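Taken together, the values in this text are just the output of simple stated rules run on the coordinates, not laboratory data. Please read these numbers as outputs of a predicted model, since none were measured by experiment. FYI the Cβ positions are ideal-geometry reconstructions off the backbone, even for glycines, and counts take in every protein chain you see.
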Amino acid sequence: MIFRSTAKLILFIIGLAPLTWLVTALTCDSIYGTMFMSVDPVQKLNRELGDWALIFLMVTLSVGPLSKILKRKNLIALRRMLGLLTYFYAVLHLTSYIIIDLQLDWHEFVKDVTKRNFIILGMTSVVLLTPLALTSNNISLKILGSKSWKKLHYLVYPAAIIAIIHFFMMIRADYHRPIMYASLLLALLIYRIWTIEIKNTKIISRFRSKI
């Protein structure tokens, strides 16, 4: 219990570090005229928040396989907070676009969504992550039941796929980061399918042996 509490506290501090840096960089740029956030701080802020949302999403999806490969089941205890950090940065990414970039201009928002389909994909990914964030607690697990809760949380995979497509469509050059995310997600999906196949094979073997 002490290990879990300490690990979660450390993870929480690490999770807020990117946001702390972004706020500090914006403050320094505004007061001291530095250029930490480039010549376009609004775009830089939005893209950094989106990037961190994807980073935490990939880490969240990697926890399960890593816990099995390294045989460290206690890593699973960190997955919930990682998922919430993912959603936190995804919401900040969307919020910065609507409030800071568009300044709550809904007419401009409709025009943007109509012209740039990647915005719809980004919003779809956030919508898919919302029920996962809302049910990331023990009360929801008890109400939904283990099977239904797990099925609901499989939405993380389509959310991740859509988020990466959103990233691909958003940029015009230098695709190395979305390719990196896509490669990692593909590896995680292959691992997931492989473990499911092994599990199903064992179940079938046990059933046959009883017959």
Residue selected from the stretch 26-46 under the condition surrounded by 15 or more Cβ atoms within 10 Å (Cβ to Cβ) and free of Cβ contacts under 8 Å to residues at least 40 places away in the same chain, by the criterion nearest to Met180 (Cα to Cα): Lys44
If I ask for residues that are within 19 Å of Leu85 (Cα to Cα) and β-branched (Val, Ile, Thr), which ones from the stretch 113-162 would you list? Thr124, Val126, Val127, Thr130, Thr135, Val156, Ile161, Ile162
Looking at the stretch 132-179, which of the residues that are assigned to a helix (DSSP H, G or I) and β-branched (Val, Ile, Thr) is surrounded by the most Cβ atoms within 10 Å (Cβ to Cβ)? Ile164
Determine, yes or no, whether Thr86 is touching a residue at least 40 places away in the same chain (Cβ under 8 Å) and under 19 Å from Leu57 (Cα atoms). yes
